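What follows is calculated from the coordinates using simple rules that are stated; it is not laboratory data. What you are looking at is a predicted structure, and each value in this text was computed from that prediction instead of being measured. Note that we place each Cβ from the backbone using ideal geometry, even for glycine, and neighbour counts take in every protein chain shown.
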Amino acid sequence: MSSISSLCLTKLDVLDSIETIRICTDYELPNGQPFRGDFGERGLREIKPVYTEMDGWLESTADCANSDDLPEEAIKFVHRVEDLLNMPVSIVSTGAQRESTIMRDDTLFA
């Protein structure tokens with residue numbers, strides 16, 4: 001509906017020192033039932049996030065310039081984000097420098 005066809009995942013290097021990475025995949029009500037809808041004031045008080053956990057990579061991704069340079073667990077993280085959102089990650093940023101941008105889809109700007 002929004003015409004988004006791929007994602008840009010920035011600041012991957014910020015996760016380098018995290019042992020277990022938690023990704024919020026859903027929200028639930030206090031009785032354990034899934035929550036669907038607007039958060040509003042009720043959401044801030046009652047609704048709790050549901051997380052899936054992944055192993056971190058505990059290696060530097062800073063300034064990696066291509067996918068082959070990324071640690072295996074970082075690659076798994078990118079694939080997990082793609083699976084959860086049902087959309088490819090075409091760009092991965094691993095640092096502040098322009099050279100620290102991994103283009104995963106050569107046809108992105110064609």
Positive-end extreme of charge dipole, the stretch 16-110 - chosen from 20, 79, 35 (charges on Cβ): 35
Potential extension, residue 85-residue 10 segment - 0.36 nm per residue separation minus Cα distance: 25.4 nm
The chain: Rg to Rh, with Rh as the Kirkwood radius over Cα pairs: 1.05
Rg(Cα) / (2.2 N^0.38 Å) computed for the stretch 2-56, rounded to two decimals: 1.47
